[in-house]
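Nothing in this text is a laboratory measurement; each read-out follows from the coordinates by a stated rule. Bear in mind that the values here come from a model prediction, so they are computed numbers and not experimental data. Note that we place each Cβ from the backbone using ideal geometry, even for glycine, and neighbour counts take in every protein chain shown.
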């Protein structure tokens with residue numbers, strides 16, 4: 001479904017060259033929910049922008065259903081971390097969700113249906129005529145999620161979407177993402193710096209090294225498919241997994257080689 | 001209802017006081033150059049309610065509106081082009097700053113040379129003065145469009161005309177309106193000045209004529225009319241602005257609280 005092959009991104013800032021991403025290769029199958037975690041500053045956002053077609057990689061390629069991504073592909077939606085800056089403040093909630101659909105050229109009745117459904121799915125059916133800035137941060141991010149859902153993407157990219165909301169709201173939104181994923185069968189790539197969040201949400205967790213970034217480890221989360229905040233987080237397996245991820249991240253920060261040594265030591 | 005009444009009363013209080021002071025201070029004025037307000041008001045009624053409304057006020061207002069609207073269209077178009085590209089901006093900005101620094105009235109004699117002394121000359125003068133504040137503000141506004149919003153629009157395939165209409169212009173609209181507000185008062189000044197230089201009708205022309213023929217109360221009434229005209233135009237402007245920027249004022253309030 002989504003193939004990332006040998007992705008490399010070097011920023012040229014005058015005389016200084018910054019290698020944000022060295023060599024990233026991973027694959028998402030259709031309908032998968034995969035989380036990407038890594039130490040702070042490891043180029044997670046750069047990676048996501050390359051996948052979304054918003055940045056051109058220095059080398060390597062991103063394939064969506066076998067077709068190379070050169071610009072933002074039509075079957076992809078992105079939810080950004082900065083919800084306050086990603087919704088159009090001059091459009092009402094409903095219009096924010098509707099605008100990409102209008103751009104797609106969908107008939108009016110269908111758009112109406114999608115907007116209503118998407119807002120209901122995120123629990124904001126009655127906020128349609130409010131402006132985004134009249135809502136709380138968590139609600140604004142729900143609107144951004146509704147906009148992505150209404151777009152009916154094949155792949156949904158989420159860039160640390162809950163980093164700026166409080167812990168309780170975050171827990172609710174995590175469950176919302178799991179619920180929507182189950183309901184829609186969409187493929188989700190979820191980028192986060194929160195280890196618990198990655199293990200709680202994902203079917204797989206990709207652990208990144210620190211910059212210049214490679215994939216340090218791919219971890220399958222063998223927790224039951226039905227997850228809830230109370231029991232899953234108390235599950236011994238959850239604790240074991242999160243400890244493992246934590247160790248890997250700590251090791252990555254110190255620059256230690258990964259146990260599998262995948263992608264490392266090529267130079 | 002009482003809240004509205006109180007607002008209106010508050011807004012009118014100072015003008016009423018000022019008029020009262022003017023009325024009392026000039027009540028028994030024998031000074032030829034400073035006639036009493038009573039005389040000015042009665043000449044106001046005579047001068048500005050009849051033919052002159054059509055022969056002087058209307059042409060002035062039409063020139064102002066034509067010049068102003070043309071300036072808005074030109075300045076916003078150019079501002080979007082310049083603001084969208086750092087390269088064009090670096091190229092054009094020094095020249096713009098220079099042109100802006102020229103006081104538009106000094107161009108009246110030059111513009112007269114090629115545009116004559118008709119309506120075209122006056123409209124060109126108004127356009128030339130009004131363009132700068134709108135242009136420079138539009139450039140700033142377009143330049144400052146949020147990067148996350150731009151990425152959002154791109155990832156949802158919002159490009160071309162839709163991007164301009166729903167993103168760039170809306171995002172820059174607070175700055176565009178700030179420029180338009182400055183341009184409006186400039187426009188009124190230039191309207192009068194261009195008519196004082198060379199004209200056969202218009203408010204500026206009429207006021208100079210009254211002054212030259214020593215019709216002092218009429219002259220004062222013309223100045224009063226200019227004040228009222230400016231006030232009404234800014235009232236209309238504010239109505240339009242508060243509708244177009246209601247989201248912006250709401251956003252600002254929500255960020256402050």
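Numbers for the structure displayed
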{"read-out": "Filtered residues of segment B:140-177 (kept if more than 21 Å from residue B:249 (Cα to Cα) and in contact (Cβ under 8 Å) with a residue 12 or more places away in the chain)", "value": "B:150, B:153, B:164"}
{"read-out": "Residue match in segment B:110-121 (condition: on the phi > 0 side of the Ramachandran plot and out of contact with any helix residue (DSSP H, G or I) (no Cβ under 6 Å at 6 or more places or on another chain))", "value": "yes"}
{"read-out": "Residue check for residue A:162: surrounded by 21 or more Cβ atoms within 10 Å (Cβ to Cβ), within 10 Å of another protein chain (Cβ to nearest Cβ) and touching a helix residue (DSSP H, G or I) at 6+ places or on another chain (Cβ under 8 Å)", "value": "no"}
{"read-out": "Number of the exception - residue A:56 against (1) farther than 22 Å from residue A:147 by Cα; (2) within 13 Å of chain B (Cβ to nearest Cβ); (3) in contact with a strand residue (DSSP E or B) (Cβ under 6 Å, 6 or more places away or on another chain)", "value": "(3)"}
{"read-out": "Answer from B:177, B:128 - the residue that is under 25 Å from the mean Cα position of the chain (by Cα), closer than 30 Å to residue B:203 by Cα and within 14 Å of another protein chain (Cβ to nearest Cβ)", "value": "B:177"}
{"read-out": "Residue satisfying all of: in segment B:234-257; in contact (Cβ under 8 Å) with a residue 60 or more places away in the chain and assigned to a helix (DSSP H, G or I); farthest from the other protein chains (Cβ to nearest Cβ) among these", "value": "B:241"}
{"read-out": "Only listed residue being within 12 Å of another protein chain (Cβ to nearest Cβ), part of a helix (DSSP H, G or I) and under 22 Å from residue B:86 (Cβ atoms), chosen from B:145, B:168, B:139, B:161", "value": "B:168"}
{"read-out": "Every residue from segment A:74-83 that is farther than 13 Å from residue A:145 by Cβ and more than 9 Å from every other protein chain (Cβ to nearest Cβ)", "value": "A:75"}
{"read-out": "Residues being in a strand (DSSP E or B) and crowded, with 19+ Cβ neighbours inside 10 Å - total across segment A:202-216", "value": "8"}
{"read-out": "Total residues in segment B:60-106, condition part of a helix (DSSP H, G or I) and over 18 Å from the mean Cα position of the chain (by Cα)", "value": "24"}
